[in-house]
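Note sheet for the following structure.
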Amino acid sequence: MNQQFELFEIANPCIGLCQSNKKGYCFGCLRSRTERQLWHEMTTEQQREVLRLIAGRKLRIEQMRQRKDEQLGFDFEEIPEIGELF
């Protein structure tokens, strides 16, 4: 199997919003504590795997937000039918 030669380093996904949630994932880059601490020691393949995991985390967050919006969504355009009271 041929290995691809890397011309450029993989950029650190840190965006400078460094706060962690209860599980230890950063709100800014979505990496775990371990992933953040070991980033510069990782091989290119390991960094790519972390980026793949980040993409999956972003997707799950967006899906959760969408479900939440659907649950809380109201259609103010729709006028409910009101029956006669008397």
| So, counting K/R as plus one and D/E as minus one, what does the shell of residues with Cβ under 11 Å around G24 add up to? | +4
| So what's the convex hull volume per residue for the Cα atoms of the stretch 14-75, in Å³? | 96 Å³
| note | With K58 itself left out, Lys, Arg at +1 and Asp, Glu at -1 over residues whose Cβ is under 12 Å from its Cβ give +4
| What ³J(HN,Hα) values, in whole Hz, does the Karplus curve 6.51 cos²θ - 1.76 cosθ + 1.60 give for the stretch 27-37 when θ = phi - 60°, with x put for Gly and Pro? | 5, x, 9, 6, 8, 6, 4, 4, 4, 5, 5
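Any read-out appearing in this document is the output of simple, stated calculations on the displayed coordinates, not a laboratory observation. Here the structure is a predicted model, which means the values were calculated and not measured. Neighbour counts are summed over all protein chains in view; Cβ atoms, including those assigned to glycine, are modelled from backbone coordinates with ideal geometry.
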